[in-house]
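A.B. asks: The structure that follows is given in the form of structure tokens.
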Amino acid sequence: MDIQAEKIELVKRLLDTDDESVLQEVKNIFESHEKDFWNDLPEHVKEGIARSKKQADAGLLTPHEEVMKKYAKYL
């Protein structure tokens, strides 16, 4: 059986069941296999994001309008 036929068969079985525990188990399987992009980021990117969050928490931000005025000539 090919992958598309397998998917269709599983969908049929899901639609036919009223067993909430089965549905919850399927949901748990999908959630456990979801990939978090954070884990794929290089360490230097994660560190940069952490630094940026600290700067934002400390109020060390420049308003968007100021940045756009300063760099408008480059755009």
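The values are calculated or read from the model by the stated rules, or taken from the named source; none is laboratory data. Worth saying up front: this structure is predicted, and the values here are computed from it rather than measured. As a convention, Cβ positions derive from the backbone with ideal geometry for all residues, glycine included, and neighbour counts pool all protein chains shown. Just so you know, the surface numbers come from the protein's heavy atoms only, side chains and all, with ligands and any DNA or RNA stripped out. Shrake-Rupley method; radii C 1.70, N 1.55, O 1.52, S 1.80 Å.
A.B. asks: Leaving out ligands, DNA and RNA, and with a 1.4 Å probe, what % of the accessible surface on the chain is carbon or sulfur?
C.D. replies: Roughly 56 percent of what the probe reaches on the chain is carbon or sulfur.
A.B. asks: Once the chain is represented by equal point scatterers at the alpha-carbon sites, with solvent omitted, what log10 I(q)/I(0) does the Debye formula produce at q = 0.12, 0.26 Å⁻¹?
C.D. replies: -0.68, -1.12
A.B. asks: Mind checking which lysines have their Cα closer than 28 Å to the Cα of residue 27? Skip sequence neighbours fewer than 8 apart in that chain.
C.D. replies: 7, 12, 35
A.B. asks: Continuing with this model, one more query. Express the accessible area of the chain per residue in Å², computed with a 1.4 Å probe while the remaining protein chains stay in the model.
C.D. replies: Here the per-residue accessible area is 98 Å².
A.B. asks: Follow-up. How far apart, in nm, are the 7 Å Cα→Cβ label points at residue 31 and residue 2?
C.D. replies: 3.4
A.B. asks: Hey, another quick one. Dipole size in debye (nearest 20) for the chain around its Cα centre, Lys and Arg Cβ +1, Asp and Glu Cβ -1?
C.D. replies: With Lys and Arg at +1 and Asp and Glu at -1, about 900 debye.
A.B. asks: Additional query: In degrees between 0 and 90, to the nearest 10, how far off the longest principal axis of the chain does helix 43-57 point, with axes built from Cα atoms?
C.D. replies: Result, in degrees: 60.
A.B. asks: Debye sum, Cα scatterers, region 36-75, no solvent: what log₁₀ I/I(0) at q = 0.23, 0.26 1/Å?
C.D. replies: -0.80, -0.82
A.B. asks: Also: Write out the trypsin sites (Lys or Arg not before Pro) in the chain meeting two conditions: DSSP loop, and at most 12 other Cβ atoms within 10 Å of their Cβ.
C.D. replies: Listed in order of number, the matching sites are 35.
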